[in-house]
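The values are calculated or read from the model by the stated rules, or taken from the named source; none is laboratory data. The shown structure was predicted, so the numbers you read here are calculated from the model rather than taken from an experiment. Every residue, glycine among them, receives a Cβ derived from its backbone with ideal geometry; neighbour counts consider all protein chains shown. Just so you know, the surface numbers come from the protein's heavy atoms only, side chains and all, with ligands and any DNA or RNA stripped out. Shrake-Rupley method; radii C 1.70, N 1.55, O 1.52, S 1.80 Å.
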Amino acid sequence: MFSLDRWLEVFDTIRRNKLRTALTAISVAWGIFVLVFLLGLGRGLDNGLRANFARDATNGVWINANKTSVAHGGYDVGRRITFENVDYERAKKVEGIEYISAQHFVGGNRWGASMMTKYGAKANTFELAAVYADSLRLQAHEMTQGRFLSPADIAQTRKSAVIGQTVAKFLFEQASPIGEWITIGSTAFQVVGVFTDPGGAEEERRIYIPVSTAQLAFNGGEKLGQIQMTVGQAGPAETQAIIDVIVGQLAERHNFDPTDPQAVRVHNNIEQFERFKKLFWMISTFVIVIGLGTLAAGVVGVSNIMMIAVKERTKEIGVRKALGATPWSIVFMITQEAVFLTGVAGLLGLSAGVAVLGLLGKLDNDFIVNPNIDLSMGVGAAVFLVLAGALAGYFPARAAARVNPIHALRDQ
Amino acid sequence: MLRLSKVNKYYQVGTHSLHVLRDVDFEVSDGEFVAIMGASGSGKSTLLNILGILDDYDSGEYCLGETKISNLSESKAASYRNRFIGFVFQSFNLLPFKTALENVALPLYYQGITRRKRNQIAAQYLDRVGLRDWADHLPSEMSGGQKQRVAIARALIAKPRLILADEPTGALDSETSKQIMDLLSEIHQTGITVLVVTHDPEVAARTQRTIRLRDGKVVGAHEASASHPGMAAMPAAVP
């Protein structure tokens, strides 16, 4: 099939028609560029979404105690619900739960208590969270020193504390905080671990202490403000079922209507994640459709230009036919030219697209992370291009092969 | 060389059928030099198309050499055109982006001969028409007479048995016309059959015989050209 001569004929024609070649090449290169760019952008958005959710467990569920909004069991609306340790113990037994914790809001402060914390002469207010040991699993924290709270800390109401990096830097500067005693409010706690968080300094301004110790030290009784859990690999429907069971238990014990939207507030990362995923899927699909549309327009453009080229070359084709060119040799000549043009222009567009995606990936941006296209997509695009080129060339070529030589040659 | 018997050709124009060739009957022997004359609209270009296997006819019979030309496939027709027939056109029809040498070599491209080989052969043929020094020039750099010489070299390169010339001097002045006709005569003398379509009596006079067409019919088919009484007697050479 390969014939140097045929290629030389093609190059001859291309060299002779620089403007036409350039226009054709630009329309194809642009189409491919837009397609690659949009595909990569879609991928980048998807990666960005995942990275954002990676901060907290994507399968996390948070249930907050709130006020009733529906009268139930003889109680009026507006009654404040407070969870208790028993609620945590009961929820823990529900099937499908992977990790579970609960938080006591110190001083009843539902937005996280700020407590004066001292070490030696240094003092500042930091956020205090009184939780169970599994709480670590609900956060994206990573321990840099020591350990997180253990079940024994809770069971024995130990005065253990896990502090964020920001806290450690403020109170201890370069020194190791492990084993040191800090004063929170008026109670002394011993630091057992330091954590870091991808969310940055704000997330690291927190101190974790055992829920049992907090209830004792800060006069909290058995009160809990929030139950937190992860649900493993459960999908949105299964997650909802688990939530329903737990809310049912809570409603029973605290006498509220389980359908009351206000009595407890459920924050469900899975649902959120799935919703975002669907949204991003739609964006990606939209983007791909636009990209393919642009590419299709490019291919139609090539076909159009080739069609005009054939018209323009009617005479040449007539001469060639009179001199003994077979219809197939004409079809090959035109198609080969189109394939070559779309191929080269397409590769240019592909490279440009990949290069621009590379630049985009270098930008520090939370929404677009590592935008790229993978090898199979690149190969697919290349194959698609050659096919598109063949298609773009074939129809004009067929028209060219039908040229009547004498009409063509008489055409002055 | 070639024989037409009762060849008819119709063109469909809208709902009307135009009868372009009516029972055209004639024969050209090997090595003859023949002119086909007729006013425009007399059907001479249609006849040329059929002779050149560029168009089909509707009824009758056309034999080229020993081959009956009817219902040939496109590629078969292309192959016959390539090997049996050399075309010379009024407007030269050289490819403008190819040099004289490449233009001459083009028919050999369609025979699958290598570039080096065909350029070699093309150089010989350019030499024969006296344009060896013009091999690397584009047609746009040449005069009409030179272009027609290139076209004639191109028509000859595939060693055809028949040259079909369509108004070969139509675009040339009288002096150049004379030179081109001299060249065609020379070619004829090498034994190649030459058919010239023309409306110019002076061109027709240079041939051995004139076939006249009027309204698609042959009139006075066997009239010998007056000014060349000796030519008709020349023996036909087979190449």
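Just reorder A:Phe33, A:Phe256 by solvent-accessible area, largest first, 1.4 Å probe, all chains present.
Numbers: A:Phe33 45, A:Phe256 5 Å².
From most exposed to least exposed: A:Phe33, A:Phe256.
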Query raised in the report: What aspartates and glutamates sit close enough to A:Lys321 to cross-link, taking a C-alpha to C-alpha distance under 13 Å and skipping anything fewer than 8 places away on the same chain?
Result: B:Asp55, B:Glu74
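Counting only heavy atoms of protein chains, what accessible area per residue, in Å², does segment A:101-185 have with a probe of 1.4 Å? Walk me through the numbers on the way to the answer.
Working: 3980 Å² over 85 residues.
Dividing the accessible area of segment A:101-185 by its residue count gives 47 Å².
If I take R0 = 25 Å and measure r between the Cβ atoms of B:Ser5 and B:Ser73 in this structure, what FRET efficiency does the formula 1/(1 + (r/R0)^6) give, to the nearest 0.05?
Working: r = 23 Å, r/R0 = 0.93.
Efficiency, rounded to the nearest 0.05: 0.60.
Sum -39500 (n - 2.57) across every DSSP H segment of at least 4 residues in chain B, then divide by the residue count to get the 222 nm mean residue ellipticity, nearest 500. Before the final figure, lay out the partial values.
Working: 7 runs with 77 residues, N = 239.
Rounded to the nearest 500, the figure is -10000 deg cm²/dmol.
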Query - Label-point separation, A:Leu19 to A:Leu4 (7 Å along Cα→Cβ), nm - result: 3.4 nm
Query raised in the report: For labels at B:Thr15 and B:Ser185 in the simple 7 Å Cα→Cβ model, what's the distance in nm?
Result: 5.5 nm
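Return the equivalent ellipsoid semi-axes of segment B:49-88 as a descending list in whole Å, where each equals the square root of 5 times an eigenvalue of the C-alpha gyration tensor.
Numbers: eigenvalues 47, 23, 22 Å².
Whole-Å semi-axes of the equivalent ellipsoid: 15, 11, 10.
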Requested in this report: Pull up the cross-link candidates among the aspartates and glutamates for A:Lys67, meaning alpha carbon to alpha carbon under 15 Å and not fewer than 8 places away within one chain.
Outcome: A:Asp76, A:Asp257, A:Asp260
Query - Computed E for B:Thr114/A:Arg398 - FRET, C-beta separation, R0 45 angstrom, nearest 0.05 - result: 0.95
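Which sequence of A:Trp281, A:Trp181, A:Trp7 reflects their accessible areas, 1.4 Å probe, from the largest down? Before the final figure, lay out each step's value.
Working: A:Trp281 165, A:Trp181 130, A:Trp7 65 Å².
Descending accessible area places them as A:Trp281, A:Trp181, A:Trp7.
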Requested in this report: Taking amide H positions as placed in the peptide plane 1.01 Å from N, state which residues far from A:Arg206 in sequence (5 or more) or on other chains have amide H under 5 Å from it.
Outcome: A:Gly164, A:Val167
Query - Per-residue [θ]222 nm for chain A (sum of -39500 (n - 2.57) over DSSP H runs n ≥ 4, rounded to 500) - result: -18000 deg cm²/dmol
**Report entry** Rounded FRET efficiency, nearest 0.05, which uses the C-beta distance separating A:Phe280 from B:Asp127 and R0 of 56 Å
**Finding:** 0.15
Requested in this report: Could you work out the mean count of beta carbons from other protein chains within 10 Å of each residue's beta carbon in A:321-334?
Outcome: 6
Report task. Tell me which residues come under 5 Å, amide H to amide H, from B:Ile163 once H is placed; ignore anything under 5 positions away on its chain. Result -> B:Gly86, B:Thr193, B:Val194, B:Leu195
Query raised in the report: Given the protein chains as shown and a 1.4 Å probe, how many square angstrom of A:Trp328 are accessible, to the nearest 10?
Result: 150 Å²
Report summary line: SASA check, A:Arg90, accessible area w/ 1.4 Å probe, all protein chains in place, rounded to nearest 10 Å², comes out at 80 Å²
**Report entry** Among the listed pairs A:Lys18/B:Lys98; B:Lys44/B:Lys159; B:Lys9/B:Lys44; A:Lys315/B:Lys98; A:Lys315/B:Lys147, those beyond 18 Å (Cα-Cα)
**Finding:** B:Lys44/B:Lys159
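Using a 1.4 angstrom probe with every protein chain in place, what is the largest-first accessible-area order of A:Leu292, A:Leu41? Please list the in-between numbers first.
Numbers: A:Leu292 85, A:Leu41 40 Å².
Result, largest first: A:Leu292, A:Leu41.
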Report summary line: Taking Rh as the Kirkwood radius computed over alpha-carbon pairs of segment A:129-267 and applying Stokes-Einstein at 20 °C with viscosity 1.002 mPa s, one gets a diffusion coefficient in µm² s⁻¹ of 128 µm²/s
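With a/c under 1.5 counting as rounded, go ahead and sort segment A:76-166 into rounded, prolate or oblate using the C-alpha gyration tensor (a ≥ b ≥ c being the square roots of the eigenvalues; past the cut-off, prolate if a/b is larger than b/c, else oblate).
Values: a/c = 2.14, a/b = 1.29, b/c = 1.65.
In terms of gyration-tensor shape, oblate.
Could you work out the Kirkwood radius for chain B, taking every pair of different alpha carbons, averaging 1/r and inverting it, reported in Å?
Values: mean 1/r = 0.0545 Å⁻¹.
Here the Kirkwood hydrodynamic radius works out to 18.3 Å.
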Requested in this report: Would you check the accessible area of B:Arg22, probe 1.4 Å, heavy atoms only, in square angstrom rounded to 10?
Outcome: 100 Å²
Query raised in the report: What is the pair-distance distribution P(r) of the protein assembly as shown, computed from all Cα-Cα distances in 20 Å bins starting at 0, with each bin given as a whole percent?
Result: 15, 28, 16, 13, 14, 12, 2
**Report entry** lysines whose Cα lies under 17 Å from that of A:Lys118, excluding same-chain neighbours fewer than 8 positions away
**Finding:** A:Lys159, A:Lys169
Query raised in the report: What residue among B:Ser17, B:Ser140, B:Ser45 shows peak mean-square fluctuation when chain B is described by a Gaussian network model with Cα springs under 10 Å?
Result: B:Ser17
